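No value in this document is a laboratory result; all are computed from the given coordinates. Since the model is a prediction, treat every value here as computed from it, not as a measurement. Quick reminder, even Gly has a Cβ in these numbers, built from the backbone with ideal geometry, and neighbours come from all protein chains shown.
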Amino acid sequence: MAQKQDKDTGKEKAPEKLLSVCDATLHMIGKARKEGISTAFDRAESMKACPIGADGSCCKNCAMGPCRVPATKKGEEPDKVGVCGATPATIAARNFARMVAAGSSAHCDHARGVAAVFLLAAQGKIPGYGIKDVQKLLQLGMDFGLDVEKMTLQEIAIKVGELCAAEFGKQEGDLVFTRRAPLKRQELWRKNNLMPRGIDREIVDLMHRTHMGVDQDYQNLITQAGRVALVDGWGGSMIATELQDIMFGTPVPITGTINLGVLKQDEVNIIVHGHDPLIAEMVVVACQDPEMIALAKAQGAKGINLAGMCCTANEVLMRHGIPIAGNFLQQELAIITGVVDAMVVDVQCEMQSIHQVAECFHTEIITTSPKAKIEGATHIEFDEHDAINSAKKIVTAAIARFPKRKGKADIPRETSQMVVGFSHETINYLLGGSFRASYRPLNDNIIGGRIRGIAGVVGCNNARTVHDQSHLVLIKELIKNDVIVLTTGCSAMACGKAGLLTPEAAKYCGSGLAEVCEAVGIPPVLHMGSCVDNSRILIAASAVVKEGGLGDDISDLPAAGCAPEWMSEKAIAIGHYFVASGVYTIFGVTFPTTGSKVVTDYLFQELEEKWGGMWGFAKDPLEMARMMIAHIDKKRKALGIDKARERVLFDMAMRRELDAV
Amino acid sequence: MSKIIASAAIRGAHKIATRVEKKYAEVLGKYGPEQEIGFTDTAYYLPIIYAMLGIPVKNLGDCQRVFHRARKLLPPPVHEKYHLPYLAPALDAGMATLFYEEIEEAIRYLEQPDFYLRGEEVTDANLWLGAANDVIMRKRGVEFVDGTAPGFAAVLGAAPDKETAAKIAQELQLKNLYVFMGAASNGKKFSEQLVEAGVQIGWNTRLVSFGPDVSACVFALGFASRAAMAFGGVTPGDFRKNLIYNKDRIFAFVLALGFVSDEWYANAAGAINYGFPVIADTPIPQVLPTGICTYEHVVSNIPHDQMVAKAIEVRGLKVTVTEVPIPLAYGPAFEGERVRGDDIHLECGGGRTQMVEFSVLKRMDEVEDGTIEIVGKDITDVPPGSKLPLAIYVDVAGRQMQEDFLPILERQIHHLVNYAQGLMHIGQRDIAWVRIAKQAVEKGFTLKHIGTILHAMYHKDFGKIVDKVQVTIYTEEQKVMEVLKEARATFKTRDARIAGLADESENTFYSCTLCQSFAPSHVCVVTPERTGLCGAYNWLDCKAAFEINPTGPNQPIEKGPVLEDRLGQWEGVSAFVKQASRGKVEVVSAYSILTNPMTSCGCFECIAAVLDKCNGVMTVDRDYRGETPCGMKFTTLAGSVGGGAVTPGFVGHSKHFIGSRKFIRAEGGIKRLVWMPKQLKEDLREKLNEQGKLLGIENMADKIADETIGITQEDILPFLKGKGHPALTMEPLV
């Protein structure tokens, strides 16, 4: 019997169908309930979020507090202040800024690890890692001002590795990748004190400011939060993406499969879960090793089935076509199928509950990072100097679990096909082929109105809203209105499961976007990778600006961003770097400054004048779509492309006026 | 690209690749890798491969490198469901197709040397013209440059019947477009349909029957690729620039008539890389979003009577069509058409009878605009095959009209009459010669219509200077002789006036940037003694052109103070060139080949080059196809100095300029000229001797070597010594 009542509150549980729009998920929630296994879905119901914390109105930065300064019932700024006199605005801004710092830290520390491995690989010290994308290495070499023509590939790689690593501890000068932004954006950053310097420096600076009794000007805090966000987007995340591409290959379009149905009854199922491809890449190799396969067979399995979850999944999907078992809120559910022999986790977004759920089954939770241990889980520390053996050790442990499966397995049937791997470089190629590669067709079709605008829809799942629903309702509404969607992270997986990452999804599009998708052969929703790969969206946006005809800054583009089901601090960091890069960015579920109308108005309105981008908030995905489309139309009008374009016929005099190419 | 099209194009590319690789293996076994292959008389090897990949294919062995690249471009087939993006792979497949087909056609040239004709005209036995040689490409290219031909239509397949074919062809001709034909549909070919319909085909009428197969597409696209290299200065291998150049400047498109096979799609995908869209008469899928092409990529199911109009709209082309109220088709495409033998209804001039064309300036009140009078017999009064004397006497009046402009108007009569379908005109002044075809007479053409043409076209092209035009046509012997007498006296005065023009005596020179549509940094400076390097524009022409179109490509240049008299450098000229070349060229010399020589667009009549061992200079004109003592044929020379580049040691110039006092004056003038093609020397003999005499040399022409003496510096040096050529004793040139 499924448990109908919550054991903590005694209240009737919500019907499963109100928890997710994903059938596989609903099926597994049903099984969990039947077997009395607690999942995030149930806990979110039984434990209400703290309303004061949710609004950013609680300050616990010193022991005179925690001080609570919630907004009035009408949503007005309260006339209370904290014990030290901190205003609600200061408190909300400080809390917000610390979220940005934490989120940026996650991406940047990930990047630091990638840079360290990259350097070792360049030095030839760690077998198994090498250079796969020479073109990109040369590009990076040039970005760092190296005279690449006079250097060997190894010299370039070592220098690039050293220079990337140096970005973290840099004390002076701008982050190198900020030069990839449109010139006007760079000027704006300089003018507004947003131009980021060393990565660690900006984060430490912010942690200092938000200590008790330091920076108590909410605007100044939001600015520094902007600078910290930019060290994520144009620093850590971009470094991680670029170096991962060089080491593991820049993604190109590839087909893949998603949802819990990818798990296999008769094979050893290993799930790689987290965000860091360094380990997963090696697990991919180990799973294909004949020795490992033989070992699996010796245990009675037909083979080894590797699948991914969260952004590690996106990384190995895009580069190797490894199937995805599901997104963030499905991590416990995968274990509940009873066929996951090991879940190998690295860093970020791993719920501690996976160990608790695994206790009910035979599944081994294997932590691999010294930074991310889980009490009670098996820790097999990944040693990049002996990467392949580390990976084999992990795979061996998984295989050993296979014979220990207990209870009746229940694998949902659902799987969906998807076409993924749209890096900036790939999009450039796809729009014109090897000989005419450029963003011109995209710009042309935006100018001509077939494509109304560009939306980035990214971010997490959140157990406090219907799983995947907002992503899908929003994205379908956008493409119906001819807005092409770029997606990453768990949002991309929601789309994958719903079939939106296939060319066949053109049926959901408005006629203009459908025509373009049919012409290029692309899905209307483009999977650009993991959440550090949001940096790809920044590069793509800059490329669209540079292609011309759509203004001279990212903020001129008919574009908007959204994370409708966000939950992590990383999401806030990403949102804030998009805003600081000139993008109107809308979040759903809750917004962490609503306790202070002053700060919220600043983020939602005043910022646009200063930064070109601003924040927005809506709970209803259709409302999000409406806000994004209204913004896109506003930008189209400013560009003068809100009306149908006249066909220009060229005579010889006009051809003479053309500049040389 | 729609999925159906992309899938088909990729399939087609694979079929073609398999076929060509098989054929290649066969000929490689037979001839070996050292066997030379290529198209005839071109410096651009297999031009698409050379332009896109930078690989000069000289022999069978070289093809390996091309195959290596082409195979990498060939994508896997498109899946039915959950397919990967296909636009880029299909475009790549299209390019690979063109590479394969170029090699296939080169193999055909090797195995069947007589399969294609070598000249501009078709014969009764053979319609296939094959790859244009560089002489044709440059000659025709000039028309693309100056706008006489705004682009070309590549016609694949065949119309449902010959009448429709003829109608489409004529419509394209009326829009001044070239028509490049290839492939068959249901066994029928467009070019054959035209011949059956009695239409003259060949380069002269712009109806170019390249070949019987779809692979003839490479001749059309090879022509376009070469134009970018020859006139646009695009370097071989710079594929991106070449393709964008074509998209922006060469207004070409594909007309697909009949069933579109996989191989057609593959070729169409190749053409789309150039920005050339496809217009089909069958209901194939459309590709409407813009991007690779300026507007739509594939538009289909267009009725035959709307195809040309649709194609022009889709390509984004503006064509100004001249409506002349005569019963014949009219336009530059008909200029090269021949009237021969039994087709002749009436012939005037050409040594058979006397003919003269003459225009005079009148006061406004002396001319009644539009009056056309025939004095003597008209064409309807004589039986087919007749001959008559003819004088065309044009009275013009205009407030802006000057005596100096009369020769310009008069010279236009040649083109203007020739533009009418069924009329052939040769020469000018008192050596003019005209033939009128029976077909023209059948359509109602009379001699009066010559007047109609001149009246309409003078108003259209010269409306700024001409207010009134009145034409009298004489066919009475006595009247013709009277006009001739009057005309000859005037011609003498005019020639004296032009001969008296000197750079020193005029303060205003003129620019000519007509070619900037193709060579964006090129600027011609036209002085009274130095015509444009194409030979088509002299100082008076430019002066008139400026009057007619004050914002056009011919602008006055106040020459300003002399900077270097010897070199022909003026402050005003250099300042103008700097601005007009968009900063690419800072200083130019009008009279030097070594110091800041003028830029060359690619449509020069001749190129002069320094011959160091002979201490002199050679020049070669574009009609001479052989080797020259500088080690390069005209076409190779042109390839290395064209495209708006400044190349010390080389300069483009007109034939006429060789006879000028200012020809490479800085280096010693005509005394430096040690070699030129024999035909050119004979054409200019009088002028050469005249200029030699001014510099104290008798019989200058005989001292200049030509190809009958030798085509290397070593070979001609003994000749020069023997003749006591002045260059040998002059100060060292380099």
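Determine which residues of the stretch B:199-239 fall in the zone a paramagnetic label at B:THR322 would reach in this model, i.e. backbone nitrogen under 16 Å from the point 7 Å along Cα→Cβ.
none
With an 8 Å cut-off on Cα pairs and a minimum separation of 6 or more residues, tell me the relative contact order of chain A in percent.
Reported as a whole number, the value is 16 percent.
Tell me the Rg and the Dmax, in Å, that the Cα atoms of the protein assembly as shown produce.
Answer for the protein assembly as shown, Rg first and Dmax second: 38.6, 125 Å.
Please give the charge dipole size of chain B, origin at the Cα centre, charges +1 on K and R Cβ atoms and -1 on D and E Cβ atoms. Round to the nearest 20 debye. Numbers along the way, then the final one.
Numbers: 80 positive and 89 negative charges, 284 e Å.
For this selection, approximately 1360 debye.
Per residue of B:89-95, what is the mean number of Cβ atoms on other protein chains within 10 angstrom of that residue's Cβ? Kindly include the intermediate steps, with their values, before the conclusion.
Working: counts 6, 2, 9, 6, 1, 2, 4.
If you average over the peptide's residues, the count of other-chain Cβ atoms is 4.
Within the stretch B:260-290, find all residues whose amide N lies under 19 Å from a label point positioned 7 Å from the Cα of B:ARG69 along Cα-to-beta-carbon.
Under 19 Å, as judged by backbone N against the label point of B:ARG69, lie B:267, B:269-275 of the stretch B:260-290.
Which three numbers, in whole Å and largest first, are the semi-axes of the equivalent ellipsoid of the stretch B:3-315 derived from its Cα gyration tensor as √(5λ)?
26, 24, 19
Could you please state, rounded to a whole Å, how far the C-alpha centre of the stretch B:301-331 is from the C-alpha centre of the stretch B:467-513?
Cα centroid of the stretch B:301-331 versus Cα centroid of the stretch B:467-513: 36 Å apart.
Taking the Cα centre of the protein assembly as shown as origin and charging only Cβ (+1 Lys, Arg; -1 Asp, Glu), how large is the dipole, in debye to the nearest 20? Write out the running numbers ahead of the final one.
Numbers: 153 positive and 167 negative charges, 424 e Å.
That gives the protein assembly as shown a dipole magnitude of about 2040 debye.
Explain nothing, just compute: Karplus ³J(HN,Hα) = 6.51 cos²θ - 1.76 cosθ + 1.60, θ = phi - 60°, for every residue of the stretch B:285-293 in order, whole Hz, x for Gly and Pro.
In residue order, the calculated couplings are x, 9, 10, 9, x, 8, x, 6, 8 Hz.
Hey, can you grab everything whose amide H is under 5 Å from the amide H of B:SER511? Only 5+ residues off in sequence or another chain; H modelled, so Pro and N-termini drop out.
Excluding prolines and chain starts, which carry no amide H, the hits are B:VAL526, B:GLN555, B:ILE557.
Dipole of chain B (Lys/Arg Cβ +1, Asp/Glu Cβ -1, origin at the Cα centre): which of B:VAL523, B:SER505, B:THR294 lies farthest to the positive side?
Result: B:THR294, furthest along the dipole toward the positive end.
Once a ≥ b ≥ c are taken as the square roots of the eigenvalues of the Cα gyration tensor of chain A, is the result rounded (a/c under 1.5), prolate (a/b larger than b/c) or oblate (a/b not larger than b/c)?
Numbers: a/c = 1.36, a/b = 1.15, b/c = 1.18.
It comes out rounded by the Cα gyration axes.
The stretch A:526-561 to the stretch A:308-359: how many Å between their Cα centroids?
After rounding, the separation between the Cα centres reads 30 Å.
On full extension of the chain, what length is gained from A:MET142 through A:ASP601, given 0.36 nm per residue of separation minus the C-alpha to C-alpha distance? Numbers along the way, then the final one.
Values: separation 459, 0.36 × 459 = 165.24 nm, distance 4.16 nm.
Answer, rounded to one decimal: 161.1 nm.
Can you flag which of B:LYS15/B:LYS72; B:LYS678/B:LYS723; B:LYS613/B:LYS693; A:LYS31/A:LYS476; B:LYS247/B:LYS318 are past 20 Å Cα-Cα?
Working: B:LYS15/B:LYS72 15 Å; B:LYS678/B:LYS723 16 Å; B:LYS613/B:LYS693 25 Å; A:LYS31/A:LYS476 30 Å; B:LYS247/B:LYS318 15 Å.
Result: B:LYS613/B:LYS693; A:LYS31/A:LYS476 exceed 20 Å.
Give the long-range amide H neighbours of A:LEU658: residues separated by 5 or more places, or on another chain, with amide H under 5 Å away, using H modelled in the peptide plane at 1.01 Å from N.
Placed amide hydrogens put nothing under 5 Å from A:LEU658.
I want to make sure I understand the PRE zone here: with the label point 7 angstrom from the Cα of A:GLU646 toward its beta carbon, which residues in the stretch B:308-326 have backbone N atoms less than 16 Å away?
B:316-319
Work out the count of Lys pairs in the stretch A:254-404 where the Cα-Cα distance is under 30 Å, with the pair 8 or more places apart or on different chains.
Lysine pairs meeting both conditions in the stretch A:254-404 amount to 20.
Would you be so kind as to identify which of A:ALA563, A:HIS631, A:LEU603 lies farthest towards the positive end of the dipole of the stretch A:530-631, taking Lys and Arg as +1 and Asp and Glu as -1 on Cβ and the Cα centre as origin?
Towards the positive end, the residue furthest out is A:ALA563.
At each listed q (0.09, 0.14 Å⁻¹), what is the log10 of I(q)/I(0) that the Debye formula gives for the stretch A:435-639 modelled as equal alpha-carbon point scatterers?
Scattering profile of the stretch A:435-639, log10 relative to I(0): -0.30, -0.74.
Determine the relative contact order of the stretch A:254-404: mean sequence separation of Cα pairs under 8 Å and six or more apart, normalised by residue count, in whole percent.
Numbers: 313 pairs, mean separation 43.7, N = 151.
Across the stretch A:254-404, relative contact order equals 29 percent.
Calculate one ³J(HN,Hα) per residue across the stretch A:344-357 by plugging θ = phi - 60° into the Karplus curve 6.51 cos²θ - 1.76 cosθ + 1.60, and present them in order as whole Hz with x for glycine and proline.
9, 10, 10, 9, 6, 6, 8, 6, 4, 5, 4, 5, 4, 5
Which GluC sites (Glu not before Pro) from the stretch A:96-205 combine a DSSP loop assignment with at most 16 other Cβ atoms within 10 Å? It would help to have the intermediate numbers written out before the result.
Working: sites: A:GLU149, A:GLU155, A:GLU162, A:GLU167, A:GLU172, A:GLU187, A:GLU202; in loops: A:GLU172.
Within the stretch A:96-205, the qualifying GluC sites (Glu not before Pro) (loop, at most 16 other Cβ atoms within 10 Å) are A:GLU172.
In the stretch A:117-181, what chymotrypsin sites (Phe, Trp or Tyr not before Pro) fall in a loop by DSSP, with at most 11 other Cβ atoms inside 10 Å? Intermediate results must be reported in sequence, preceding the final value.
On the way: sites: A:PHE118, A:TYR129, A:PHE144, A:PHE168, A:PHE177; in loops: A:TYR129, A:PHE144.
Here no chymotrypsin sites (Phe, Trp or Tyr not before Pro) fit, given the DSSP loop and packing criteria.
Normalized C-alpha radius of gyration of the stretch B:332-499, against 2.2 N^0.38 Å? Show your work: numbers first, answer last.
Numbers: Rg = 15.2 Å, N = 168, 2.2 N^0.38 = 15.4 Å.
Rounded to two decimals, the normalised Rg is 0.99.
In square nanometres, what is the average projected area of the Cα convex hull of the stretch A:88-248?
Details: hull surface 39.0 nm².
Average projection, Cα convex hull of the stretch A:88-248: 9.7 nm².
Over the stretch B:281-391, what is the relative contact order in percent, taking alpha-carbon pairs closer than 8 angstrom and at least six residues apart?
Normalised by residue count, the contact order of the stretch B:281-391 is 21 percent.
Pairs of lysine in the stretch B:332-499 with Cα under 17 Å and at least 8 positions apart or on different chains: total?
Final tally of qualifying lysine pairs is 12.
Please grab the % of Cα pairs in chain B that end up more than 48 Å from each other. Please list the in-between numbers first.
Values: 55891 of 269011 pairs.
Pairs farther apart than 48 Å: 21 percent.
Out of the stretch B:111-220, which trypsin sites (Lys or Arg not before Pro) are coil in DSSP terms and have no more than 13 other C-beta atoms within 10 Å? Kindly include the intermediate steps, with their values, before the conclusion.
Numbers: sites: B:ARG118, B:ARG138, B:LYS139, B:ARG140, B:LYS162, B:LYS167, B:LYS175, B:LYS188, B:LYS189, B:ARG206; in loops: B:ARG118, B:LYS175, B:LYS189, B:ARG206.
Filter output for the stretch B:111-220: B:ARG118.
If each of B:ARG661 and B:GLU373 carries a label point 7 Å out from its Cα toward its Cβ, how far apart are those two points in nm?
Simple spin-label model gives 4.4 nm for this pair.
Does the stretch A:463-567 come out rounded, prolate or oblate by the C-alpha gyration tensor, with a ≥ b ≥ c the root eigenvalues, rounded set by a/c under 1.5 and, if not, prolate when a/b is larger than b/c and oblate if not?
Numbers: a/c = 1.82, a/b = 1.21, b/c = 1.50.
Note, shape of the stretch A:463-567 comes out oblate.
Scale the Cα Rg of the stretch B:299-426 by the rule-of-thumb value 2.2 N^0.38 Å and send over the ratio, two decimals. Before the final figure, lay out the partial values.
On the way: Rg = 19.0 Å, N = 128, 2.2 N^0.38 = 13.9 Å.
So the stretch B:299-426 has a normalised radius of gyration of 1.36.
I need the phi-derived Karplus couplings for the stretch B:711-726: 6.51 cos²θ - 1.76 cosθ + 1.60, θ = phi - 60°, integer Hz, Gly and Pro marked x.
10, 9, 4, 4, 5, 8, 4, x, 4, 4, 4, x, 8, x, 4, x
Exposure proxy check: B:CYS601, A:CYS490, B:CYS512 ranked by fewest other beta carbons within 10 Å?
Working: B:CYS601 32, A:CYS490 35, B:CYS512 27.
Ordered from fewest to most neighbouring Cβ atoms within 10 Å, B:CYS601, A:CYS490, B:CYS512 come out as B:CYS512, B:CYS601, A:CYS490.
Placing +1 on the Cβ of each Lys and Arg and -1 on the Cβ of each Asp and Glu in the stretch A:175-317, which of A:MET212, A:THR255, A:LEU243 has its Cα farthest towards the positive end of the resulting dipole?
The listed residue farthest towards the positive side: A:MET212.
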